[in-house]
Amino acid sequence: MALERKRSTKRSGSRYSGKKRPPVNKCKTCCRKFTAFMFSHVGLCGLVVGYTIMGAFAFRALEAPYEEEKAGEVTDMRQKTVRRLWDITYDLNVLYKDNWTHLVAAEIKRFQSDLIAAVKDGYDGKELGAVQQWSFSGAFLYSLTVITTIGYGNIAPRTNWGKLVTIVYAIVGIPLMLLYLTNIGDILAKSFRYVYGRMCTCKPSDPYRRGRNVENYRVQHVVAHNSPGRQNALEPGVQDKLHVHPEDEVRIEAIPNELHEDLDYQKPRVSVPITLCLVIMVSYISGGAVIFSLWEGWGFLDGSYFCFVTLSTIGFGDLVPGDSVVSDRGSQEKLVICSLYLLIGMALIAMCFNLMQEEVINKVRNCGRRVGIIKDTDDDDDLA
Amino acid sequence: MLQDLENHEEAARKTRWKHCLRLVAAYLFSDVGVCGLAVSYAMLGALVFEALETRHELAEREHVRQHRADCMRDLWRITNKLNVLYEANWTLAVGGRLREFEQTVVNAVRNEGYDGREVEALELQWSFPGALLYSLTVITTIGYGNTAPKTSLGKVLTVLYATVGIPLMFLCLLNAGHLFARIFKFSYFHVLCVQCRQRARISKVREAVRVMLYKHFPGNSSTTRNQQQTTDGNLEPSATSQQLNGQVEQQATDSDRLCTDNEELGVTDNLITSASENERSTAAQSVVSSRDSDSSRHELVEANDVVLEESLTDSSDISIESRLHNTNSSSFPPPFSDHTNLDGTCPNKEDNPRPKEEERVPVYVVMLFITGYIFVGAIMFSVGENWNFIDAVYFCLTALSTVGFGNLVPGSYDFNTQSQSAQTRLIICCFYLIFGLAVVLMSYNLIQEEIMLKFKRISRNLKIMPQNEKS
């Protein structure tokens, strides 16, 4: 009793000191909450976008001059070849086809090899003065492919400085991107669960939920056996024997001691079915495939191949929108839309992984238990 | 009766089969099994893709040759048509035709995967090593793209292959990283850093002692010190403690005899009895008396804990510190010694109550290792591929971070040198990638705790300061 009295005076004391300067305190709490929020959600998003933009500027400044140089070189090469061909033709007074062809073939072959070397060095076939690879949107897409580790490679740094900056940029940017993705995945997963939960309350006769309920009914049954009247019935040992997953523990505590067949499980944790997540991912890929194949004239197969390769961060770079050999109008917009598709797609995938991982782990565990691989205690091989 | 026997045999056979299958499945999904699975998956992919894409590659070589022949035919036609050759006219026409040829070649290289080799060349992009590198780049999500499938079937298969392969490879690399981490820790603590091991042990003893002092006797430190200084037996234990110090130091370097030693037990007995002159030692005595002759380490540990509590004052008291060092080091063998169970009374790592901070390799060591690996790879590739050093470093970093641009790939066809040993270079590249990715995951394994701690500390600092102002 004495203790309680002491506590109450302490509380009133703090309240009293609080009343003295509320506005300053409120301001500080507000500021702190705001900075925390900025650093966690919106701020991270903005940080990633800002970092990408900064990278775009840097790479553009480093690589665009070299690209112009390169394009000029190929044009020079071509003209030199033409001149040499003219010399060959002019030198031969009488034009025998075989002779001439033989000499010209060697020239053309050399031209081809030099051309292929130039292409591998970044030349993309566009005329000098046409829209460049290292425009702002191109550099933006490039920065994005670096920090998401997609790494197309159709645009890649050729200067030494560009390569060094890429290395440093990647070392800082990849963890940043991972942070962003985990954060965004978290938020999206939470909101998706919330929406899904709300939608689910409208349909109580969902077959999936009934399936879940049966499982929980089984667990419940054991609880009822062990604890007719006690509140904190299960000792840790008993819980282990039940192979209870941490989520299951929550469910057990939330169950009152009566047996219900159709309880409302929204409060502890809504688990979204795996099929729904897969459907989301597949539809996003297909949607992107449709859009890109229409724009670029690829087939649907090529479009979905591109989308899959992009979103799995493999990123071959053999197919990239806005990067066709003939310079296109509107390629800049295509690059921007490709970047947006990338960002949103990766966030969606992070969300789906977040939603799916519990279910997948549960299923794998159940499967393993049923087959007999997994025993009661996993990770027996961590002991020295 | 006979039928019963038969049924019984049937049932026994079935259970044996099931047991066999279960063992096989368990082995497949164990650590080694997953790694083996991933490797064989990569090889299977290599075979499949090689079969699918070789034809297209050869066809593309043929196409480029055809284009070249067409170009020359057109050039001849241009030259032949004009009876009088005016340079300007002819140059214009030829230039135009060359530009067309250039476009087709660029298209072949960028879109159809033509690598510049002639029709007669024996080596293929989609040879087995090349296809193996391709499979690896798919399932590790590096994705170079210099070798990429051009047939529709190849693309569909790539998508399916990746869907299964990426998680599989990820698991395999996790296991490999875990294994490498254990090897690294072991070699670091046993081979590389003998000094820091001893230093760490001493400092941890001080830490633990300090913690226990403040936990059990928050305000009584001064009284115990007075009592200690008045007892006559202070000199004796310190003398024996010096002897013990020497003994234990010797034994510390010889890790074989650290576990159990009857002399150690006897000496600690002396220490305990000498500390029992303190009036708070009754608890210790009760613990000690409850020991049986071949004492379990746990009880001895508890007894020593009690001794520590009671005889401790301030950690700046050297004699007491040395005594603690002795008691601790005699009963706490280094937690990372794997020589246990000499007679079954050694504590395992898990029984050791001290935190496992000593087992964390410092971050800079891990970073040095990674940097070393990248440099070694860069040197290897710059020599083998005739790249300059920055290109090689750039390649190693982009490969190990799975960015994988693909403009620089070992084992690709180089015009200038026209080298023929692409196959061996591809295989070396595959090995480098696999081990490199395992090393990356190993380092993540080793330093993640540190990073998490630092992160938490930083975020706590960001929030702590206003709270302090409030209070």
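The values are calculated or read from the model by the stated rules, or taken from the named source; none is laboratory data. Keep in mind it's a predicted model, so treat the numbers as computed, not measured. Note that each Cβ is placed from the backbone with ideal geometry, even for glycine, and that neighbours are counted across all protein chains shown. Side chains included, ligands, DNA and RNA excluded: accessible areas come from the protein's heavy atoms. Shrake-Rupley method; radii C 1.70, N 1.55, O 1.52, S 1.80 Å.
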Scanning the stretch B:82-104 for residues that are assigned to a helix (DSSP H, G or I), more than 7 Å from chain A (Cβ to nearest Cβ) and either exposed (fewer than 14 other Cβ atoms within 10 Å of the Cβ) or in contact (Cβ under 8 Å) with a residue 24 or more places away in the chain (or both) gives B:Ala88, B:Asn89, B:Leu92, B:Gly96, B:Arg97, B:Glu100, B:Phe101, B:Thr104
Answer with yes or no whether B:Phe395 is within 11 Å of another protein chain (Cβ to nearest Cβ), surrounded by 12 or more Cβ atoms within 10 Å (Cβ to Cβ) and at pLDDT 90 or above. yes
Give me the pairs: first residue in the stretch A:60-85 and more than 19 Å from A:Trp161 (Cα to Cα), second residue open to solvent by 30 Å² or more (accessible area, probe 1.4 Å), beta-carbon distance under 6 Å, and six or more apart or on different chains, which are they? A:Ala71/A:Leu128; A:Gly72/A:Leu128; A:Thr75/A:Leu128; A:Met77/A:Asp114; A:Val82/B:Thr91
Determine if the stretch B:34-57 includes at least one residue that is within 13 Å of another protein chain (Cβ to nearest Cβ) and farther than 25 Å from A:Phe306 by Cβ. yes
A:Arg193: of a type outside the set (Phe, Trp, Tyr), assigned to a helix (DSSP H, G or I), over 17 Å from A:Cys45 (Cα atoms) and in contact (Cβ under 8 Å) with a residue 60 or more places away in the chain, yes or no? yes
Give me the residue from the stretch A:104-115 that is aliphatic (A, V, I, L, M) and surrounded by 16 or more Cβ atoms within 10 Å (Cβ to Cβ) and, out of that set, nearest to B:Ala108 (Cα to Cα). A:Leu115
Sole exception among (1) more than 20 Å from A:Val74 (Cβ to Cβ); (2) touching a Lys or Arg at 6+ places or on another chain (Cβ under 9 Å); (3) within 7 Å of chain A (Cβ to nearest Cβ) for B:Thr79, by number: (2)
The stretch B:376-410, residues that are touching a Cys at 6+ places or on another chain (Cβ under 8 Å) and either β-branched (Val, Ile, Thr) or part of a helix (DSSP H, G or I) (or both): B:Gly377, B:Ala378, B:Phe381, B:Val409
Given the conditions (1) within 13 Å of chain B (Cβ to nearest Cβ); (2) surrounded by 15 or more Cβ atoms within 10 Å (Cβ to Cβ), which single one is not true for A:Asp98? (2)
Counting just the residues of the stretch A:125-140 that are closer than 26 Å to B:Trp387 by Cα and more than 7 Å from every other protein chain (Cβ to nearest Cβ), which one comes out modelled with the highest pLDDT? A:Ala139
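Per-residue answers, yes or no, for (1) within 13 Å of another protein chain (Cβ to nearest Cβ); (2) over 40 Å from the mean Cα position of the chain (by Cα); (3) open to solvent by less than 80 Å² (accessible area, probe 1.4 Å); (4) not small (Gly, Ala, Ser):
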| position | (1), (2), (3), (4) |
| --- | --- |
| A:Ala36 | yes, no, yes, no |
| A:Val48 | no, no, yes, yes |
| A:Ala61 | no, no, yes, no |
| A:Asn93 | yes, yes, no, yes |
Report yes if A:Gly125 is outside any helix (DSSP H, G or I) and open to solvent by less than 10 Å² (accessible area, probe 1.4 Å), otherwise no. yes
Being at pLDDT 85 or above and either open to solvent by 30 Å² or more (accessible area, probe 1.4 Å) or of a type in the set (Lys, Arg) (or both): is that true of B:Tyr413 here? no
How many residues of the stretch B:105-116 are crowded, with 20+ Cβ neighbours inside 10 Å and either more than 16 Å from B:Val409 (Cα to Cα) or of a type in the set (Ser, Thr, Tyr) (or both)? The answer is 4
Residues that are more than 10 Å from chain A (Cβ to nearest Cβ), at pLDDT below 85 and open to solvent by less than 30 Å² (accessible area, probe 1.4 Å): does the stretch B:121-133 have at least one? yes
Quick check: is even one residue across the stretch A:304-321 over 28 Å from B:Phe170 (Cα atoms) and more than 19 Å from the chain's Cα centre (by Cα)? no
Residue in the stretch A:141-158 that is more than 12 Å from chain B (Cβ to nearest Cβ), open to solvent by 30 Å² or more (accessible area, probe 1.4 Å), touching a residue at least 12 places away in the same chain (Cβ under 8 Å) and not polar (S, T, N, Q) present: no
Would you please name the residue that is farthest from B:Thr104 (Cα to Cα), looking only at residues in the stretch A:86-118 that are part of a helix (DSSP H, G or I) and among the aromatic types (Phe, Trp, Tyr)? A:Tyr90
All positions within the stretch B:86-117 that are under 15 Å from A:Ala118 (Cβ atoms) and among the small types (Gly, Ala, Ser): B:Ala108, B:Gly116
Could you tell me whether B:Leu58 is open to solvent by 50 Å² or more (accessible area, probe 1.4 Å) and either more than 21 Å from A:Asp318 (Cα to Cα) or among the aliphatic types (A, V, I, L, M) (or both)? yes
Kindly indicate whether any position in the stretch B:377-391 is open to solvent by less than 50 Å² (accessible area, probe 1.4 Å), under 23 Å from B:Ala46 (Cα atoms) and of a type in the set (Ser, Thr, Tyr). no
Which listed residue is over 21 Å from A:Lys126 (Cα atoms) and modelled with pLDDT under 90, from A:Gly315, A:Gly322, A:Gly345: A:Gly315
